[in-house]
Structures are given as C-alpha cells and as structure tokens.
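Note sheet for the following structure.
The values are calculated or read from the model by the stated rules, or taken from the named source; none is laboratory data. Because the structure is a prediction, the values reported are computed rather than measured. Every residue, glycine among them, receives a Cβ derived from its backbone with ideal geometry; neighbour counts consider all protein chains shown. SASA here: full protein model, heavy atoms, side chains in, ligands and nucleic acids out. Shrake-Rupley method; radii C 1.70, N 1.55, O 1.52, S 1.80 Å.
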Amino acid sequence: MVTGPGLEKFLNLASQRSIPLWNIKRLQGDVLIVTTRVGGFRQLHPLVRRTGCRVKIKRKAGLPFFLAQLRRRWALCAGALLCLAAAYMLAGQIWFIQLDCPGKLQADVKKELARAGLVIGADKDKLDPNEIAEKLLAASDKLAWVGVEFHGTMARVRVVPKIMPQQGDTRPCHLVATRDAELIHLIVYEGQGMVEAGEMVKKGQLLVSGRVFYKPDETNPLVRDTGREFAEPQVEFVRASAFVEGRFWLEGYGEAAQGQVDKQVKRTVLERHYYLGSVRIWKKTFAKATPQMKIERNERYLYQPLKLRIVERYGILEQQQKELTAEEVARQLALSQVRQQLGSRDKIEKIKPIILREGNLVRVKILAECRGPVAVEKPFQPGEGEGEYSIGQEPDPTNRTESGTEPLRPQG
Amino acid sequence: MKAPVKKVGKALVELLELPRDIVFDLPRMVLSGNNQLIMENHKGIIEYSPGKIRVNTRLGEVVIHGSGLTIVTILPEEITISGRISAVSFGDWGV
C-alpha cells in the first residue's frame with residue numbers, strides 16, 4: 001500500500017528503473033495498492049524518499065513466506081509427510097480381493113490364493129499375478145483358466161472351471177423306428193443297417209443292429225482292410241449309431257360351433273433412462289402412459305465396468321385382435337393336436353385339411369406330412385434275450401418281421 | 001530546420017514503406033474490446049484515478065476514460081490498463 005501526494009511520479013520512477021509492479025489499483029484518496037516481488041520491494045526504498053510517499057506491506061504471499069510460516073509449524077509438516085508416507089505404503093498393499101469364481105470352488109480357490117501369498121495386506125511388489133495364476137492352476141485340476149490382475153489396492157481373480165465332457169453310454173444297442181414312416185435317409189455310422197432308404201418301416205422295427213457279423217471271407221471289406229482273418233464268423237456288439245430321417249403322416253381333429261376373439265399383448269417403450277452408477281445422466285421419453293396400461297420396468301447394463309446402465313419403462317396393453325371364424329378355431333385346434341405329436345426336430349411339410357359342416361358346427365380334420373428323425377436307441381444284453389446268435393449264425397437282412405422290433409432271429 | 005527534416009523523413013518512410021511507429025517512435029495501442037488497453041512507447045503516467053488515466057507519449061497525452069480502471073502492468077516501454085473503458089481521447093497532439 002503506497003500513500004502520499006506523488007503517486008504518479010512514484011509509478012513513473014518505478015517503471016523507469018524496471019521495478020516490477022502489477023495489479024495497481026487506486027483507492028479513494030491518495031492510496032495505491034500495488035503488487036511486487038521481494039526484490040522489488042527493496043528497490044522501492046530510494047523512490048519513497050524521493051517522492052515523499054509511504055509504503056506499507058498489506059499482505060505477504062508466495063512460496064518464501066509460506067516456507068517461513070511452515071518453519072514455525074514443523075509439526076504440521078511432519079504430519080503431512082507422515083500422511084504421504086502412510087498413503088504410499090498402504091497403496092502398495094492389497095486391501096480388496098475380488099473373486100470371480102463359481103460358488104463350489106470359492107473355498108478351495110481362497111485357500112490356494114492364501115497359500116500363494118495373495119491375502120489382504122500382502123505387499124503388491126512381492127506378488128506376481130502370473131505366478132499366482134500358475135500356482136492356482138497347478139494346485140487344482142478343476143480349473144481350466146485363472147486370471148489375476150491388480151487394480152490399485154484391489155486384486156481381481158477370475159477363475160474358469162473345467163467342464164468335463166459327459167461320458168456317453170457305451171452299452172451296445174440297436175436303433176429302432178419310433179413310428180411308422182418312410183425312410184428318406186439312412187446313413188449308418190456304427191452297426192449293421194437292416195433297412196434301406198426309401199423303405200417303409202413300422203413302429204419298433206429294427207433299423208440298425210448293434211450286432212455286427214464278420215464273415216471269414218477275404219472279400220469282406222472289414223477283413224480286407226483290417227488284415228484280420230477270422231477262422232469262423234465273428235460277432236461284435238456295438239452301440240448302433242446312424243443318421244435316420246423319415247417321412248410320416250399325422251392326423252389332427254378339431255371342431256367348433258362359434259368363432260372367438262383373439263387377444264394380443266402390445267408392448268410400448270415409454271421412457272429410457274441412462275444411469276452412470278446411481279446418477280441419471282440422460283432421460284428420453286418415447287410415449288405417455290395411459291390408465292389402461294400395465295407398467296413394467298427392465299434394467300440392463302450397457303458397460304459394466306463404468307456401471308453404465310439403461311432402465312426402460314414399458315407400458316403393456318391388451319389389445320383386441322381380429323375375430324376368428326368357427327372354421328379357423330377348429331383348424332387351429334386340429335393343428336395344435338398335430339403339433340402335440342411332433343418331436344422337437346420334426347417339421348411339417350404339407351397340410352391337407354378336410355372340412356365338414358353340420359349346421360353351425362364345423363369339423364376340421366388335418367392330414368399333415370411331416371419329416372424328422374424316426375429312430376431311437378434300444379439297449380440289449382449280448383448274452384441274453386431273444387434274437388441272440390450263436391457263432392456261425394448271421395442275421396439275414398432280408399428276413400424282416402412285420403413288427404420289426406426283433407427281426408434277427410436265430411436260424412434253424 | 002526541424003520541419004524539412006521531418007518532411008524528408010516522412011517521404012522516405014512512405015517511399016520505403018517502413019513501419020511508422022518504429023521509425024517515429026509513435027505510441028502503439030491495442031484495445032481489446034472495452035476491457036483492456038495495451039500501450040507501447042509511453043512516456044509515463046500524468047494522472048491516475050479509477051475513472052481516468054492520462055498517459056504521456058512523444059506526440060502528446062492519451063486520456064483513457066472509464067470506470068474501475070487498474071494498471072495491470074507498468075514497464076518502461078509498455079503499460080497495460082484494464083477496466084471498463086468508455087473513451088480514449090488524444091490531447092495536445094503535435095501531428
């Protein structure tokens with residue numbers, strides 16, 4: 001703060017002598033507030049004498065004054081340094097372990113992690129994530145992959161368990177027809193084919209036999225290829241396997257005296273809210289809810305690590321759809337009856353409806369041509385039951401029974 | 001004697017397209033909006049109050065009118081004034 005009559009002269013002399021002055025403000029009267037450096041303040045003394053002004057320090061600011069203050073408050077400095085040291089030391093340790101692992105394995109994985117040194121309070125510098133992962137994999141045969149990552153003071157452990165393939169049934173079996181059908185494809189993978197594609201088969205008829213015979217014949221490809229020579233016919237019991245597809249026909253019946261109104265549910269998105277954590281960052285409205293609507297809410301994550309999620313509000317409205325005639329109702333009933341008889345892999349290829357009207361009553365019969373797998377495994381015991389062969393006897397593929405369940409009968 | 005020299009000097013500057021402010025040591029002012037004025041080649045402050053600043057130059061004085069006027073920096077060759085500037089006038093200019 002500079003006071004006195006010749007303030008302009010003071011400023012001009014200061015600028016001529018290159019004394020750094022800035023933020024100069026003139027207050028009421030002959031008072032000037034200026035900012036200068038420590039060195040500049042010392043240079044002002046001759047000017048003060050020459051201009052007759054008085055200079056007074058109003059406030060001291062800057063690093064030299066701050067350090068001088070700190071010198072008096074040494075305990076504060078020590079505390080700050082201690083705090084920094086503590087923060088540095090604590091940041092170098094693991095304080096949280098996030099385990100992403102199926103529940104059954106969690107206890108074992110935790111034990112192994114502790115054995116590998118990954119516990120709460122462990123020094124991060126002494127731990128190698130790859131080494132811990134390798135130790136875990138070596139310690140347990142139930143794990144397929146282990147990933148260990150350090151994020152700050154958190155260790156994230158992700159574990160993928162081994163999923164072993166299911167051991168298939170190896171008992172010998174035949175393949176038999178599940179229904180009356182015309183065979184479209186028959187490709188035998190294992191076993192002995194008893195029918196051919198294009199043939200009609202009955203329900204329960206043997207399609208592929210689990211008994212395979214080898215003749216003591218050089219021309220037999222099995223003998224020729226394997227180089228084995230059989231002194232007498234050999235029989236082998238296998239699990240028959242084949243691709244069997246057939247065409248079959250199904251019937252469905254339905255009747256109805258009057259039509260009905262079909263109802264449909266209409267789902268409308270009303271609002272979409274975008275959240276980052278628990279803070280809503282954006283909201284978009286698509287439609288307004290009406291009193292008839294039933295409101296539902298759906299929530300899904302857009303980006304899990306950032307907790308970015310969408311919350312959607314739906315309005316669900318039951319709408320009246322078109323009226324169905326009695327014929328359409330009966331047709332639907334018949335068709336549903338057909339579908340009940342179909343397997344999951346069966347397909348309807350053609351539909352032929354037969355419609356009969358008796359007054360108001362409409363009867364609909366549907367004949368559906370379908371296509372799908374028509375074989376099922378039928379296990380057997382090699383040493384017992386009917387159709388067991390003795391060595392030297394072989395089944396005659398042409399000798400098929402009407403039922404087809406056990407076409408292989410001992411000859412003689 | 002000075003007038004003919006001045007005339008010759010002016011003619012030379014125009015002929016050679018030299019910058020006049022450097023050759024004649026003219027004050028150079030940059031006014032940014034009505035908030036800041038930077039003036040080069042000044043010869044000192046004649047008067048300073050929050051509403052008016054009079055600055056001396058080689059050709060005469062420059063008067064800056066306004067309110068809340070402060071001198072941001074003052075150096076031997078340059079002065080920066082900020083505040084709400086309402087008018088800049090030139091008094092007793094030789095040219």
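At 1.4 Å probe size, with no ligands or nucleic acids counted, give the accessible surface of A:Phe65 in Å², nearest ten.
Number for this one is 70 Å².
Keeping to pairs on different chains or 8 or more places apart, tell me how many lysine pairs in chain B have Cα atoms under 30 Å apart.
Details: B:Lys2/B:Lys10; B:Lys2/B:Lys43; B:Lys6/B:Lys43; B:Lys7/B:Lys43; B:Lys10/B:Lys43; B:Lys43/B:Lys52.
The number of close lysine pairs in chain B is 6.
Helix B:2-16 sits at what angle to the longest principal axis of chain B, using alpha carbons and giving 0 to 90 degrees rounded to 10?
Computed tilt is about 90 degrees.
Which parts of segment A:44-66 would a label at A:Leu76 reach, counting a residue when its backbone N lies under 16 Å from a point 7 Å out along Cα-to-Cβ?
Once the point is set 7 Å along Cα→Cβ of A:Leu76, A:60-66 turn out to lie under 16 Å by backbone N, inside segment A:44-66.
Using the charge dipole of chain A (Lys, Arg: +1 at Cβ; Asp, Glu: -1 at Cβ; taken about the Cα centre), state which of A:Gln341, A:Val119, A:Leu67 has its Cα farthest towards the positive end.
In chain A, that residue is A:Leu67.
Label A:Arg42 and A:Met1 with points 7 Å out from Cα along Cα→Cβ: what is the distance between them in nm?
2.6 nm
Calculate the length of the line joining the C-alpha centroid of segment A:285-358 to that of segment B:50-72, in whole Å.
Cα centres, segment A:285-358 to segment B:50-72: 83 Å.
Please identify every one of the GluC sites (Glu not before Pro) in segment B:1-80 that sits in a loop by DSSP and has no more than 14 other beta carbons within 10 Å of its own beta carbon. Before the final figure, lay out the partial values.
Values: sites: B:Glu14, B:Glu17, B:Glu40, B:Glu47, B:Glu61, B:Glu77, B:Glu78; in loops: B:Glu17, B:Glu77.
Here the sparse-neighbourhood loop sites are B:Glu17, B:Glu77.
Hey, what angle do you get for helix A:103-115 against the long axis of chain A, alpha-carbon based, 0 to 90 degrees rounded to 10?
The angle comes out near 50 degrees.
Mind grabbing the accessible area of B:Tyr48 for me, 1.4 Å probe, Å², rounded to tens?
0 Å²
Rank these residues by their accessible area, most exposed first, probe 1.4 Å: B:Asp25, B:Asp92. Present the calculation step by step, with values, prior to reporting the outcome.
Values: B:Asp25 50, B:Asp92 140 Å².
If we order B:Asp25, B:Asp92 from most to least accessible, we get B:Asp92, B:Asp25.
Below 8 Å between Cα atoms, with a sequence gap of 6+, how large is the relative contact order for chain B in percent?
About 22 percent, as a whole number.
Counting only DSSP beta bridges with both residues in the protein assembly as shown, what percent are antiparallel, rounded to the nearest 5?
Antiparallel bridges: around 95 percent, rounded to the nearest 5.
Would you mind checking which residues have amide H under 5 Å from A:Ser140's amide H? H placed 1.01 Å from N; only 5 or more apart, or other chain.
Result for A:Ser140 returns nothing.
Note the angle between two axes, namely the Cα long axis of helix A:38-51 and the longest principal axis of the Cα atoms of chain A, as a number of degrees from 0 to 90, rounded to the nearest 10.
With both axes taken from Cα atoms, the answer is about 30 degrees.
Return the loop-located chymotrypsin sites (Phe, Trp or Tyr not before Pro) in segment A:72-103 (DSSP other than H, G, I, E, B) with at most 14 other Cβ atoms within 10 Å of their own Cβ; answer none if there are none.
Answer by residue number: A:Trp95.
Taking segment A:1-121, how many lysine pairs are there with alpha carbons less than 19 Å apart, if each pair must be eight or more places apart or span two chains?
Lysine pairs meeting the criterion: 5.
Scattering from the C-alpha atoms of chain B alone, worked out with Debye: what is log10 I(q)/I(0) at q = 0.11, 0.13, 0.23 1/Å?
With one equal scatterer per Cα and no solvent, log10 I(q)/I(0) is -0.37, -0.49, -1.13.
Give me the accessible area of B:Ser82, 1.4 Å probe, in Å² rounded to the nearest 10.
Here the accessible area works out near 30 Å².
Taking every Cα atom in the protein assembly as shown, find the radius of gyration and the maximum pairwise distance Dmax, and write them in Å.
50.8, 154
Taking A:Lys307 as the anchor, which lysines have their alpha carbon closer than 21 Å to its alpha carbon, excluding any fewer than eight residues away along the same chain?
A:Lys283, A:Lys284
Between A and B, buried accessible area summed over both sides at probe 1.4 Å, in Å² to the nearest 100? Walk me through the numbers on the way to the answer.
Values: alone 27600 and 6190 Å², together 32650 Å².
Summing both chains' loss of accessible area gives about 1100 Å².
Residue by residue through segment A:76-92, what is 3J(HN,Hα) from phi via Karplus (6.51 cos²θ - 1.76 cosθ + 1.60, θ = phi - 60°)? Round to whole Hz and write x for glycine and proline.
Once θ is set to phi - 60°, the couplings for segment A:76-92 become 5, 4, 4, x, 5, 5, 4, 4, 4, 5, 5, 4, 5, 5, 5, 5, x Hz.
Rounded to the nearest 500 deg cm²/dmol, what is the calculated helix-only ellipticity per residue at 222 nm for chain A, with -39500 (n - 2.57) per DSSP H run of length n ≥ 4?
Taking each H run of at least 4 residues, the total per residue is -7500 deg cm²/dmol.
How high is the relative contact order of chain A, given as a whole-number percent (alpha carbon pairs under 8 Å, six or more residues apart)?
Value for chain A: 13 percent.
Please give the length that would be gained between A:Lys294 and A:Tyr274 if that part of the chain were fully extended, namely 0.36 nm times their separation in residues minus their C-alpha to C-alpha distance (nm, one decimal).
In short, 5.0 nm is gained.
Using alpha carbon centroids, what distance separates segment A:170-188 and segment A:21-58, in Å?
Cα centres, segment A:170-188 to segment A:21-58: 109 Å.
When Cβ neighbours within 10 Å are restricted to other protein chains, what is their mean count per residue of peptide B:62-71?
Details: counts 0, 0, 0, 0, 0, 0, 1, 3, 6, 10.
That average works out to 2.
Give me the base-10 log of I(q)/I(0) for segment A:104-160 at each q in 0.18, 0.21 Å⁻¹, Debye formula, one uniform scatterer per Cα, rounded to two decimals.
-0.53, -0.73
Which one, B:Leu69, B:Val30, B:Asn56, projects farthest toward the positive side of the charge dipole computed for segment B:25-90 from Cβ point charges (K/R +1, D/E -1)?
Projecting each Cα onto the dipole axis, the largest value belongs to B:Leu69.
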